[in-house]
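Reviewing the structure listed below.
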Amino acid sequence: MKMCYTKKKEGDIVKIYMDNCCYNRPYDDQSQMRIYLQTQAKLHIQDMIRREKIELVTSYILDFENSNNRSMQKQLAIQKFMNEYAALYVSNRNEKDITKLAEAIMETGIKEKDAYHVACAVMAECNYFVTTDDRLLKYQSEKIKLVTPGEFIRRMEADK
């Protein structure tokens with residue numbers, strides 16, 4: 001069982017949570033310009049994580065959803081990245097609080113698994129929740145900003 005952990009960093013660093021559809025974007029059909037651009041932005045975000053410009057948060061919900069990936073190659077690649085680069089892991093030890101928050105999020109019409117992802121990100125005090133899910137992007141919260149990979153890059157570039 002994984003435990004919660006954080007790497008100590010100097011200064012105030014941006015924390016992000018990417019949902020499963022974001023991790024899988026590079027494996028989608030790249031012939032559509034929108035998907036291609038989201039893929040490039042997601043890969044740039046991964047590079048920012050590798051260079052420790054931002055911190056990655058993952059969770060037991062991501063592990064569970066990724067374990068259901070039909071492609072073992074994709075599943076292993078995604079899990080390897082999360083294991084190597086997560087600065088914070090939200091474990092199921094916090095499940096009661098996560099469930100309570102997820103239930104409140106579901107009342108706004110968000111699907112269960114998406115609500116649990118957002119709840120984990122909020123519990124970890126992430127600044128951004130990065131997704132390619134258009135329906136999920138409609139969810140508004142004062143606790144976290146939901147953005148596409150491209151929007152995240154634009155906001156980070158504007159803050160320089």
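The values are calculated or read from the model by the stated rules, or taken from the named source; none is laboratory data. The shown structure was predicted, so the numbers you read here are calculated from the model rather than taken from an experiment. So basically every Cβ, Gly included, is an ideal-geometry build from the backbone, and we count neighbours across all protein chains shown. Just the protein is used for accessible areas: all its heavy atoms, side chains included, with ligands, DNA and RNA removed. Shrake-Rupley method; radii C 1.70, N 1.55, O 1.52, S 1.80 Å.
Cα gyration tensor of region 20-73, axes a ≥ b ≥ c as square roots of the eigenvalues: rounded (a/c below 1.5), prolate (a/b > b/c) or oblate?
Since a/c reaches 1.5 but b/c is at least a/b, the shape of region 20-73 is classed as oblate.
Probe of 1.4 angstrom, ligands and nucleic acids ignored: what's the accessible area per residue over the chain, in square angstrom?
Details: 9160 Å² over 160 residues.
Here the residues of the chain average 57 Å² of exposed surface.
Work out how much length E95 to K113 would gain on full extension: take 0.36 nm times their residue separation and subtract the Cα-Cα distance, in nm to one decimal. Please list the in-between numbers first.
Working: separation 18, 0.36 × 18 = 6.48 nm, distance 1.34 nm.
Between E95 and K113, full extension yields an extra 5.1 nm.
Is the chain best put as rounded, prolate or oblate by its Cα gyration tensor, with a ≥ b ≥ c the root eigenvalues, rounded for a/c under 1.5, and otherwise prolate when a/b is larger than b/c, oblate when not?
Values: a/c = 1.19, a/b = 1.13, b/c = 1.05.
Rounded shape, in that the Cα axes give a/c under 1.5.
Working out 0.36 nm times the residue gap between Q32 and V14, then minus their Cα-Cα distance, what length gain in nm do you get to one decimal? Provide the component values of the computation, followed by the final result.
Values: separation 18, 0.36 × 18 = 6.48 nm, distance 2.99 nm.
Taking Q32 through V14 to full extension adds about 3.5 nm, to one decimal.
According to the square roots a ≥ b ≥ c of the eigenvalues of the Cα gyration tensor, what is the shape class of region 109-149, taking rounded for a/c under 1.5, prolate for a/b larger than b/c otherwise, and oblate for the remainder? Walk me through the numbers on the way to the answer.
Details: a/c = 1.59, a/b = 1.16, b/c = 1.37.
It is oblate, given that a/c is not under 1.5 and a/b is not larger than b/c.
When the accessible area of region 49-149 is computed with all protein chains present and a 1.4 Å probe, what percentage of it is carbon and sulfur?
Numbers: 2470 of 5430 Å².
Carbon-and-sulfur percentage of accessible area, whole number: 45.
What is the set of long-range amide H partners of M18 at a cut-off below 5 Å, with H atoms built 1.01 Å from backbone N?
Amide H to amide H, under 5 Å and 5 or more residues apart or across chains, M18 pairs with V57, V130.
Across region 35-40, in residue order, what do the Karplus-derived ³J(HN,Hα) couplings come to in whole Hz, using 6.51 cos²θ - 1.76 cosθ + 1.60 with θ = phi - 60° and x for Gly and Pro?
5, 4, 5, 5, 4, 4
Of the peptides 32-45, 116-129, how do they stack up when ordered by the mean number of other Cβ atoms within 10 Å, highest first? Present the calculation step by step, with values, prior to reporting the outcome.
Working: 32-45: 16.1, 116-129: 23.9.
So the peptides 32-45, 116-129, ranked by packing, come out 116-129, 32-45.
Which pairs, out of K113/K143; K74/K100; K53/K111; K53/K100; K15/K96, put more than 29 Å between their alpha-carbon atoms? All intermediate terms of the calculation are to be shown ahead of the outcome.
On the way: K113/K143 18 Å; K74/K100 31 Å; K53/K111 31 Å; K53/K100 32 Å; K15/K96 23 Å.
Among K113/K143; K74/K100; K53/K111; K53/K100; K15/K96, the Cα-Cα distance tops 29 Å for K74/K100; K53/K111; K53/K100.
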